[in-house]
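The values are calculated or read from the model by the stated rules, or taken from the named source; none is laboratory data. The structure displayed is predicted, hence computed values, not measured ones. For neighbour counting, all protein chains shown are included, and Cβ atoms are generated from backbone atoms with ideal geometry for every residue, glycine included. Side chains are part of the model used for accessible areas, which takes the heavy atoms of the whole protein and leaves out ligands, DNA and RNA. Shrake-Rupley method; radii C 1.70, N 1.55, O 1.52, S 1.80 Å.
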Amino acid sequence: MMPESLSLPFESLRNAYAGSIVYPPGGRYGPRIQQDLQLVLLYTGEMTVTIDGRPLHVQPGHVVLLKPGHEELFAFSKTEETWHRWISVHVSSLSEEMRNKLYQLPELLPLTEEMNKLTDLMLSMLRHVPPNDTTILSLGLAAIYLYPTETRRLLLQREKHPALYTALTWINEHYSDEITLHDLASQAGVSSEHLIRLFKQHEHTTPMQFVWAYRANRAVELLTNTGLTVSEIAERCGFKTSNHFARLIKQYKGRTASEIRQVSWSGLPQLTKREPNG
């Protein structure tokens, strides 16, 4: 079951903070009553967080979600330094619905680059603005919202066949390059026939049909959000020629590239994006 998105009223935020600390071997912190929504990102060493008497062991490369109102005691590695960073968001009150959503989320997740970047940005901004600055509050809220988003992404990754997930990730990173079915199968570590079966089973399309639909969606984003020419967009999105680009955009979107741009820039209702497996 996928976790639901969180919804915190911005006016309920009081302050947000990010920090970094290295504990010596045998370090401890607490016990303390948690006052905030807090994400603890562990990089080196190890730690055990005892929450209301229940130990939670954390290995490096993971992030922990801590919730207000619980007694916590941190015990760090006895043999090496432990480095962790954190993001705390103090909220005036949490609705019962919000509390239920928080408790549906896993306590631990693998640490992602996106979470690292948010933490870097908060630490940098806090050198110049106070913890109750609107920018800091927004970044703190973004970090809390990112947690269920990353949970959903990891669940999807586990649900999909590893070869399929590898192929999808590679398409996302290389869609502007020339891609063949053999390339995709090689990257995924399976035969072309097996990859076709996986795409038909899970994405309801073939690998190459998925690639071209993905490119069309990226092209529409550039048409609506940039001033790049059609030729430039076609090249950046992996289309062979401008004519090929025009034909596939009309096929997938039902409008020409010029019509898509005109509708977008005029403020008229946007066309519905066709997903790659549509």
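The table that follows gives values for the structure above.
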item: Subset of the range 17-40 that is of a type in the set (G, A, S) and within 18 Å of T119 (Cα to Cα) - its residue that is surrounded by the most Cβ atoms within 10 Å (Cβ to Cβ); result: A18
item: Selected residue (criterion: nearest to S191 (Cα to Cα)) from residues of the range 133-151 that are of a type in the set (V, I, T) and open to solvent by 40 Å² or more (accessible area, probe 1.4 Å); result: T149
item: Residue identified as of a type in the set (D, E, K, R) and touching a residue at least 60 places away in the same chain (Cβ under 8 Å) among R54, R85; result: R85
item: Pair list, Cβ < 6 Å and 6+ apart or interchain, from the range 195-214 residues that are without any contact (Cβ under 8 Å) to a residue 24 or more places away in the chain to residues that are open to solvent by 10 Å² or more (accessible area, probe 1.4 Å) and polar (S, T, N, Q); result: I196/T206
item: Answer from H204, H161 - the residue that is over 30 Å from R261 (Cβ atoms) and open to solvent by 50 Å² or more (accessible area, probe 1.4 Å); result: H161
item: Lone unmet requirement of (1) open to solvent by less than 30 Å² (accessible area, probe 1.4 Å); (2) touching a Lys or Arg at 6+ places or on another chain (Cβ under 6 Å) for L154; result: (2)
item: Among the residues listed as R14, R99, the single one being open to solvent by 60 Å² or more (accessible area, probe 1.4 Å), basic (K, R), within 15 Å of I144 (Cα to Cα) and touching a strand residue (DSSP E or B) at 6+ places or on another chain (Cβ under 6 Å); result: R14
item: Contacts under 6 angstrom Cβ, first residue in the range 104-127 being under 11 Å from Y147 (Cβ atoms), partner assigned to a loop (DSSP other than H, G, I, E, B), 6 or more apart; result: L105/P3
item: Residues (open to solvent by less than 70 Å² (accessible area, probe 1.4 Å) and within 20 Å of S7 (Cα to Cα)) located in the range 110-132; result: M115, L118
item: Contacts under 6 angstrom Cβ, first residue in the range 215-235 being under 17 Å from I179 (Cβ atoms), partner surrounded by 12 or more Cβ atoms within 10 Å (Cβ to Cβ) and modelled with pLDDT under 90, 6 or more apart; result: A216/Y252; N217/K273; A234/S242
item: Odd one out for F245 among (1) modelled with pLDDT of 90 or more; (2) touching a Ser or Thr at 6+ places or on another chain (Cβ under 7 Å); (3) part of a helix (DSSP H, G or I); result: (2)
